[in-house]
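The values are calculated or read from the model by the stated rules, or taken from the named source; none is laboratory data. Nothing here was measured: the structure is a model prediction, and the numbers come from that model. Here the Cβ is made from the backbone with ideal geometry for all residues, glycine too, and neighbour counts use every protein chain on show.
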Amino acid sequence: MFGQHEATAIEQIVNVSSKAERAALLADGHVGFTMPIGGVAAYRNQVSVVGVGFDIACGNAAIRTDLTLADITRGELTLDEVKRNPHRIAQDRTANKLADEIQSTISFGIGRKNNADDAPVDHPLFLDHAWYAIPNTGGYRDTLQDKARRQLGTVGSGNHYVDVFADENGAVWVGVHFGSRGLGHTIASDFLALGQGLDWGRRAPEKEVLLDLEQPLGHDYWQLMNLAGQYAYAGREWVARKVVELLGGTELELVHNHHNFAWKEQHAGPEGETAEYVVVRKGATPAFPGQKGFIGGSMGDDAVIVQGAATEDEEAAALQREALFSTVHGAGRVMSRTAAAGKVHRKTGRVITPGRINREMVADWLGKKGVILRGGGLDEAPQAYRRLTRVLEAQGPTIQVEHTLHPLIVVMAGAGEIDPYKD
């Protein structure tokens, strides 16, 4: 266990570890459905449906471009200038125009409502044989595939975003965070039901279901989980590249990884022998030595590009092994969405329970950081999250920070956007 955690999150990972071969809780951990966010668990030939989660293959992609900060402003700003005078970004007409263009071009929330019509809806993944694991009684499979086509390249809501950053050298990066949308949510929901003896499409209690990969149900889930992974990769890469295109830049480097997924990996067993495990990471980034990852902070904090440490220090190497070569996926929440934003009646707008954060607090934070925000609810305020630098410190010498990314433009779904596939 890395870092400090609330008792409920610890209880969750202890319960998970009672069924897994090995388990870890990373420094950004907090309470999730059955398995905590920031949890890692290794099984022998089994996979946990709620461990992978409802947003199968949620992850991050970041593209380093050939642009500099001067290219996306009026040509007169440097990163040092922005940090000395953060209001300069908020007042920059060119940067604000780009923020508006991203918001109008990319779809946020539940439906496709953008101005872009070139999302890869004919991607080869739609011909994958895994689709035939889904029954087509009453057109069930056809309906799901149609939904998947319509949602490919949409970002969703909640903590999902498109960001424009500048790194320590002034290079511009585009970062995105979202998953497999309604496709992954449906697959997870269906196999949660099937694993409890219910039918396709039935709602089931959110409890741990372990599927044996050598049995038909486990085999089919694994195929469809990987299909959702292809779908998430295709969607994130299209969105990130579309934003690079809007900025007028060229892609120089892509860093891309899931953090809600399961992989078959080789790890040391209890006696030191190497064996194959199914490693489930829920809100955790793979970080084998040399493997790069993109980790976001919050709408008002720096993000980082990291790589798993290649170290000869035995203490650091032991920590890597104990974490199953995993690291954090973000800063981690310190208050729930309801605690941050309060509870509002959906139809009347009446405040049922006031939140701990208001718009003035968010505006003050972003103004001091020099961040242009489009959309974003109070539940995603920087105050609702830990500070990423402290989280990375708690994770220890298991990773190396390659780049620090300062947010310039943050675009998210608007407050009140109802999206059942956001988590």
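Restricting to region 74-84, name every residue that is of a type outside the set (G, A, S), surrounded by fewer than 22 Cβ atoms within 10 Å (Cβ to Cβ) and without any contact (Cβ under 8 Å) to a residue 24 or more places away in the chain. Step through it out loud before you land on a result.
Quick first cut of region 74-84, residues of a type outside the set (G, A, S) only: 74, 76-84.
Going one step further and asking which of them are surrounded by fewer than 22 Cβ atoms within 10 Å (Cβ to Cβ), we end up with 74, 76, 78-81, 83-84.
If the condition is that a residue be of a type outside the set (G, A, S), surrounded by fewer than 22 Cβ atoms within 10 Å (Cβ to Cβ) and without any contact (Cβ under 8 Å) to a residue 24 or more places away in the chain, then R74, E76, D80, E81, R84 are the ones that fit.
Give me a count of the residues in region 1-21 that are surrounded by fewer than 19 Cβ atoms within 10 Å (Cβ to Cβ), touching a strand residue (DSSP E or B) at 6+ places or on another chain (Cβ under 8 Å) and under 15 Å from L210 (Cβ atoms).
The number of residues fulfilling the criteria is 3.
Cβ contacts < 6 Å: first residue within 11 Å of L25 (Cα to Cα) and free of Cβ contacts under 8 Å to residues at least 40 places away in the same chain, restricted to region 1-13; second residue of a type in the set (K, R) and surrounded by 22 or more Cβ atoms within 10 Å (Cβ to Cβ), any location; separation 6+ or different chain. Result?
As it stands, the answer is none, since no pair meets every condition given.
Is there a residue in region 345-352 that is at negative phi and either of a type in the set (D, E) or in a helix (DSSP H, G or I) (or both)? First the steps, then the outcome.
Here is the first cut: in region 345-352, the residues at negative phi are 345-348, 350-352.
In the following step, the residues that additionally are either of a type in the set (D, E) or in a helix (DSSP H, G or I) (or both) were identified as none.
Looking through region 345-352, none of the residues is at negative phi and either of a type in the set (D, E) or in a helix (DSSP H, G or I) (or both).
Out of (1) in a loop (DSSP other than H, G, I, E, B); (2) buried (at least 22 other Cβ atoms within 10 Å of the Cβ), the odd one out for A204 is which?
Among (1) in a loop (DSSP other than H, G, I, E, B); (2) buried (at least 22 other Cβ atoms within 10 Å of the Cβ), the lone unmet condition for A204 is (2).
E276 fails exactly one of the following numbered conditions: (1) surrounded by 14 or more Cβ atoms within 10 Å (Cβ to Cβ); (2) at pLDDT 95 or above. What is the number of that condition?
It fails just one condition, (1).
Out of A27, A70, A62, I need the residue that is surrounded by fewer than 23 Cβ atoms within 10 Å (Cβ to Cβ), among the small types (G, A, S) and on the phi < 0 side of the Ramachandran plot. Which one?
Among A27, A70, A62, only A70 is surrounded by fewer than 23 Cβ atoms within 10 Å (Cβ to Cβ), among the small types (G, A, S) and on the phi < 0 side of the Ramachandran plot.
Failed condition for Y43, given (1) hydroxyl-bearing (S, T, Y); (2) surrounded by fewer than 22 Cβ atoms within 10 Å (Cβ to Cβ); (3) out of contact with any helix residue (DSSP H, G or I) (no Cβ under 8 Å at 6 or more places or on another chain), with all others met?
Y43 satisfies every listed condition except (2).
Name the single residue that is surrounded by the most Cβ atoms within 10 Å (Cβ to Cβ) among those in region 364-401 being charged (D, E, K, R) and either closer than 19 Å to I37 by Cα or in contact with a Pro (Cβ under 9 Å, 6 or more places away or on another chain) (or both). Lay out the reasoning, then the answer.
Start the filter on region 364-401 by keeping residues that are charged (D, E, K, R), which leaves 364, 368-369, 374, 379-380, 386-387, 390, 393.
Applying the additional criterion that residues be either closer than 19 Å to I37 by Cα or in contact with a Pro (Cβ under 9 Å, 6 or more places away or on another chain) (or both) yields 368-369, 379-380, 386-387, 390, 393.
On the way: K368: 11, K369: 21, D379: 21, E380: 28, R386: 22, R387: 16, R390: 14, E393: 11.
Selected residue: E380.
Looking at region 364-396, which of its residues are of a type in the set (D, E, K, R) and part of a helix (DSSP H, G or I)? Even if it seems obvious, please write down each step before you answer.
Quick first cut of region 364-396, residues of a type in the set (D, E, K, R) only: 364, 368-369, 374, 379-380, 386-387, 390, 393.
Once the filter is applied, which keeps residues that are of a type in the set (D, E, K, R) and part of a helix (DSSP H, G or I), region 364-396 yields D364, K368, K369, D379, E380, R390, E393.
Each row is one residue, and each column tells you yes or no for (1) in contact with a Phe, Trp or Tyr (Cβ under 7 Å, 6 or more places away or on another chain); (2) among the hydrophobic types (A, V, I, L, M, F, W, C); (3) outside any helix (DSSP H, G or I); (4) surrounded by 20 or more Cβ atoms within 10 Å (Cβ to Cβ).
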site: V121; (1), (2), (3), (4): no, yes, yes, no
site: F126; (1), (2), (3), (4): no, yes, no, no
site: A130; (1), (2), (3), (4): no, yes, no, no
site: P135; (1), (2), (3), (4): yes, no, yes, no
site: Y140; (1), (2), (3), (4): yes, no, no, no
site: T143; (1), (2), (3), (4): no, no, no, no
site: L183; (1), (2), (3), (4): yes, yes, no, yes
site: T186; (1), (2), (3), (4): no, no, no, yes
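State all residues of region 102-118 that are surrounded by fewer than 16 Cβ atoms within 10 Å (Cβ to Cβ) and either charged (D, E, K, R) or at pLDDT 80 or above (or both); if no residue qualifies, say none.
First, the residues of region 102-118 that are surrounded by fewer than 16 Cβ atoms within 10 Å (Cβ to Cβ): 104, 111, 113, 115, 117-118.
Passing the criteria: S104, K113, D117, D118.
Find all pairs meeting these conditions: Cβ atoms under 7 angstrom apart; at least six residues apart or on different chains; first residue within region 246-260 and within 22 Å of G59 (Cα to Cα); second residue part of a loop (DSSP other than H, G, I, E, B) and of a type in the set (D, E, K, R).
N260/D55
Evaluate the following for A317: is it within 17 Å of Q400 (Cβ to Cβ), surrounded by fewer than 23 Cβ atoms within 10 Å (Cβ to Cβ) and in contact (Cβ under 8 Å) with a residue 12 or more places away in the chain? Before the answer, list the steps.
Details: within 17 Å of Q400 (Cβ to Cβ): yes; surrounded by fewer than 23 Cβ atoms within 10 Å (Cβ to Cβ): yes; in contact (Cβ under 8 Å) with a residue 12 or more places away in the chain: no.
It is false that A317 is within 17 Å of Q400 (Cβ to Cβ), surrounded by fewer than 23 Cβ atoms within 10 Å (Cβ to Cβ) and in contact (Cβ under 8 Å) with a residue 12 or more places away in the chain.
List every residue pair whose Cβ atoms sit under 8 Å apart, with the two residues 6 or more apart in sequence or on different chains, where the first one lies in region 203-221 and is modelled with pLDDT under 95 and the second, anywhere, is in a strand (DSSP E or B).
E208/S48; V209/S48
Is it the case, given these coordinates, that T311 is hydroxyl-bearing (S, T, Y), surrounded by fewer than 24 Cβ atoms within 10 Å (Cβ to Cβ) and in contact (Cβ under 8 Å) with a residue 60 or more places away in the chain? Write out each step before concluding.
Details: hydroxyl-bearing (S, T, Y): yes; surrounded by fewer than 24 Cβ atoms within 10 Å (Cβ to Cβ): yes; in contact (Cβ under 8 Å) with a residue 60 or more places away in the chain: yes.
Yes; evaluated as a whole, the condition is true for this residue.
Evaluate the following for Y233: is it under 29 Å from M412 (Cα atoms) and either of a type outside the set (S, T, N, Q) or touching a residue at least 40 places away in the same chain (Cβ under 8 Å) (or both)?
yes
Somewhere in region 409-421, is a residue among the aromatic types (F, W, Y) and at pLDDT below 90?
Taking region 409-421 and keeping what is among the aromatic types (F, W, Y), we get 421.
Filter once more, keeping what is at pLDDT below 90: 421.
The answer is yes; a qualifying residue exists.
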